[in-house]
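Here is the structure we will look at, set down as structure tokens.
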Amino acid sequence: MAEMQVADKGGKGGPKKHSTRVDLTPMVDLGFLLITFFMLTTSMLKPNTMELSVPSKDKVEEEEQSKVKASQAITILLDKEDKLFYYFGTEENGVAPELVSSDYSSTGIRKMLIQRNVDLIKQVQELKADKASKKIKEEEYSKKLSELYTNAKTAPQVLIKATDESNYKNLIDILDEMQICNIGRYAIVPITPEDLGLIDKKTKAAN
Amino acid sequence: MPKVKVPRKSTTVDMTAMCDVAFLLLTFFMLTSNFVAKEPIVVAVPSSISEIKIEERDMATVLIDNEGKVFFGLDAQGDRRELLANLGKVYSINFTEKELTEFSKIGMSGVPITKMQDFLKLPPEQRDAKEAAIGIPADSIDNQFKYWMKTAKQVNPKLRIAIKSDSKTPYKVIKKVMGTLQDLRENRYNLITSLEQVKN
């Protein structure tokens with residue numbers, strides 16, 4: 001091509017000087033196209049998660065039984081169709097506990113749990129305020145928080161028992177409530193035939 | 001009056017700087033990105049107030065759909081390859097190199113081990129079909145899921161477990177999976193949720 005031009009001009013002043021600048025517009029276009037592609041295909045948002053620790057199988061029996069005091073125990077039963085029941089104490093006392101029906105709303109189970117856990121929630125809130133005002137450091141905060149949880153003598157201990165008909169959302173919801181209400185001690189335990197009987201009786205009575 | 005000379009400016013802008021920016025961003029996105037893993041089934045995870053973010057590396061994801069089908073996924077390709085090779089040993093099935101490579105490309109799979117070879121022969125677009133994605137058996141009669149988990153843990157001992165399940169999954173299935181994990185002494189795991197929308 002260059003030679004052709006030279007020929008055309010008839011050797012007037014030598015070969016034409018080409019600018020060394022390249023038009024970068026297509027390259028920019030390409031760059032942004034690829035950026036768009038990567039932005040759309042990547043997951044910038046990491047999914048949220050809830051950490052769950054369960055006791056190992058061999059220890060579960062004795063520990064659960066020895067630790068839970070009847071005065072502090074609350075058993076929450078998750079039933080089908082988003083129904084929820086709870087009772088205080090444990091059933092080993094011989095007397096059948098009275099089932100209270102509730103729901104997942106903030107005025108249902110949460111209200112009850114907060115009422116029962118007033119002391120601890122107050123302490124935790126004070127601690128959080130301290131952290132917010134930079135009085136204590138992050139590590140100190142988590143240390144004190146776990147201390148509070150282990151030392152809380154009056155705090156309720158919650159046993160979560162889900163029936164086979166309840167769904168995963170119910171379980172997550174109730175675990176959520178545990179966090180909201182600062183319940184440090186809770187466990188997911190298998191439902192017993194007695195509990196099923198109680199639910200059955202309660203549902204029948206309601207109808 | 002002397003004429004005021006207005007210098008004529010070229011309308012072409014120097015694109016070099018813009019090009020630099022574009023490629024800088026491109027590099028950033030390429031390096032920070034991890035691709036959205038394709039899941040064989042769509043699950044609607046329940047929402048919670050938990051704001052802990054999940055780790056990206058060394059995750060084993062147990063996906064459970066609302067019918068109770070169980071799927072299993074590992075994030076590293078090498079781990080997946082080794083998982084299938086070791087699983088083959090447990091069930092005395094010899095997987096060929098080609099099958100292992102094919103399997104390592106699938107992020108999440110839910111096929112009984114006996115049907116794995118047929119499954120890997122299918123073209124990729126047919127794998128998510130209802131007949132193919134039938135889930136890993138996880139019941140007490142044939143708890144293959146247990147071996148999947150156990151083998152995965154042997155392949156990568158640092159593995160953390162996340163359960164991702166649909167809101168409507170019956171607790172019965174969750175109980176089975178959690179029970180299996182408990183049997184394997186996996187006592188800490190994550191439940192994947194989405195962030196709760198604040199209702200005012």
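The values are calculated or read from the model by the stated rules, or taken from the named source; none is laboratory data. The model shown is predicted, which means the values in this text are computed figures rather than measured ones. Virtual Cβ from ideal backbone geometry, glycine too; neighbours counted across all protein chains shown.
Quick look at the numbers
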{"read-out": "Pairs where the first residue, in the range A:105-123, is closer than 23 Å to A:S146 by Cα and free of Cβ contacts under 8 Å to residues at least 40 places away in the same chain and the second is of a type outside the set (K, R) and part of a loop (DSSP other than H, G, I, E, B), C-beta under 7 Å, 6+ apart", "value": "A:D119/A:T154"}
{"read-out": "Members of the range A:124-166 that are in contact (Cβ under 8 Å) with a residue 60 or more places away in the chain and of a type in the set (S, T, N, Q)", "value": "A:T154, A:Q157, A:T163, A:S166"}
{"read-out": "Filter result for B:G73 (in a strand (DSSP E or B), of a type outside the set (V, I, T) and within 22 Å of B:S104 (Cβ to Cβ))", "value": "yes"}
{"read-out": "Helices (runs of 4 or more DSSP H) contained in the range A:101-204 and holding at least 1 residues more than 14 Å from chain B (Cβ to nearest Cβ) and buried (at least 19 other Cβ atoms within 10 Å of the Cβ)", "value": "A:109-116, A:118-132"}
{"read-out": "Condition broken by B:R185, with the remaining ones in (1) within 14 Å of another protein chain (Cβ to nearest Cβ); (2) at pLDDT 80 or above; (3) out of contact with any Pro (no Cβ under 8 Å at 6 or more places or on another chain) satisfied", "value": "(2)"}
{"read-out": "Hits in the range B:58-84 (condition: polar (S, T, N, Q) and free of Cβ contacts under 8 Å to residues at least 40 places away in the same chain)", "value": "B:Q77"}
{"read-out": "Count - residues of the range B:5-59 that are in a strand (DSSP E or B) and facing another protein chain (nearest Cβ under 7 Å)", "value": "4"}
{"read-out": "Unique match (being exposed (fewer than 14 other Cβ atoms within 10 Å of the Cβ), within 14 Å of chain A (Cβ to nearest Cβ) and not aliphatic (A, V, I, L, M)) among B:E67, B:E125, B:E97", "value": "B:E67"}
{"read-out": "Hey, B:L63 closer than 30 Å to A:Y104 by Cβ and in contact with an Asp or Glu (Cβ under 9 Å, 6 or more places away or on another chain) or not", "value": "yes"}
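Per-residue answers, yes or no, for (1) over 19 Å from the mean Cα position of the chain (by Cα); (2) closer than 24 Å to B:G78 by Cα; (3) within 14 Å of chain A (Cβ to nearest Cβ):
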{"site": "B:F119", "(1), (2), (3)": "no, yes, no"}
{"site": "B:I136", "(1), (2), (3)": "no, yes, no"}
{"site": "B:F145", "(1), (2), (3)": "no, yes, no"}
{"site": "B:M149", "(1), (2), (3)": "no, yes, no"}
{"site": "B:A152", "(1), (2), (3)": "no, yes, no"}
{"site": "B:V155", "(1), (2), (3)": "no, yes, no"}
{"site": "B:K158", "(1), (2), (3)": "no, yes, no"}
{"site": "B:I163", "(1), (2), (3)": "no, yes, yes"}
{"site": "B:K168", "(1), (2), (3)": "yes, no, yes"}
